[in-house]
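**Student:** Next up is a structure, given as structure tokens.
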Amino acid sequence: MTAPVPHAVPRSVPLGAALIAAGVVQFTVAMAVVQAKYPGYSDFSNYISDLGNTATSPWHEVFNVSIILLGLLAFVGVLLSWEAFPSGASRPVGLALVLIASLAAIMVGLFPENVNPSVHDTVSLLVFAPGGVALVVLGGGMHARSGWQWLRGPSVVLGLVTLVSLGYYVPTQASNTTWGPGLIERLIVAPILIWGFLAALQLLRRAREPSLDRRLTG
């Protein structure tokens, strides 16, 4: 088996990784806090976006600002750490999809579900679908020589969980027959958040690895 080829990692990578991780953590915490302040909220029957509903959610500002931050931090973080992701065709395709999902997350916060439902639904789908496809595409590029091989299986599995859940969610939403819509939506979103945190950890790990130049001169 051929060993991974070490190479210099850009200095921007640790910052990019930190931004991605911070975005995921702050959004996860914000969801929990806003949910605790929402009377009668249910993970099973309430949509995630209900937390940002300006008419019914007492702390809607916190949720909407948090998801905007998630999108901004993920977008900038990916750009800063771009070169540390596995090279090859999967990188530009997969990361472009992540950037699309990040921009769409910003729009979700700017257009709460009760303010402009049609726009909100569209941008939500642009978070879900590109996010799920991105995980599968990027996972496919995590071969042995990339140094990312440990995340290959989890990336593909997490992406498929998102896409299969979305495949059930969209048509049943149209016919108003979705079973446990809040639960299904969480099965769409949670894998993307989990992957983001794992990818940030891997980026930090790569940034600490000695480059080929340092090994030759050390």
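**Student:** Which residue, of Ser175, Ser146, is closer than 20 Å to Ala17 by Cα, at pLDDT below 95, out of contact with any Leu (no Cβ under 9 Å at 6 or more places or on another chain) and not charged (D, E, K, R)?
**Tutor:** Ser146
**Student:** Let me ask you something else. If Val78 satisfies every condition in (1) touching a Pro at 6+ places or on another chain (Cβ under 9 Å); (2) within 29 Å of Arg208 (Cβ to Cβ) but one, which is the exception?
**Tutor:** If we test Val78 against (1) touching a Pro at 6+ places or on another chain (Cβ under 9 Å); (2) within 29 Å of Arg208 (Cβ to Cβ), just (1) comes out false.
**Student:** Tell me, please, whether a residue that is free of Cβ contacts under 8 Å to residues at least 40 places away in the same chain, touching a helix residue (DSSP H, G or I) at 6+ places or on another chain (Cβ under 8 Å) and in a helix (DSSP H, G or I) can be found in the stretch 12-22.
**Tutor:** No, there is no match, as no residue in the stretch 12-22 is free of Cβ contacts under 8 Å to residues at least 40 places away in the same chain, touching a helix residue (DSSP H, G or I) at 6+ places or on another chain (Cβ under 8 Å) and in a helix (DSSP H, G or I).
**Student:** How about the stretch 28-59: which of its residues are more than 21 Å from the chain's Cα centre (by Cα) and in a helix (DSSP H, G or I)?
**Tutor:** Within the stretch 28-59, Ala36 is the sole residue that qualifies.
**Student:** Now, a different point. Anything in the stretch 88-98 that is in a helix (DSSP H, G or I) and over 17 Å from Leu203 (Cα atoms)? List them, or say none.
**Tutor:** Selection gives Val93, Ala96, Leu97.
**Student:** Identify all residues within the stretch 23-44 that are in contact (Cβ under 8 Å) with a residue 60 or more places away in the chain, of a type in the set (Ser, Thr, Tyr) and surrounded by 14 or more Cβ atoms within 10 Å (Cβ to Cβ); write none if there are none.
**Tutor:** Scanning the stretch 23-44 gives a single hit, Thr28.
The values are calculated or read from the model by the stated rules, or taken from the named source; none is laboratory data. Please read all numbers here as calculations on a predicted model, not as lab measurements. Glycine also receives a Cβ, built like all others from the backbone with ideal geometry; neighbour counts cover every protein chain displayed.
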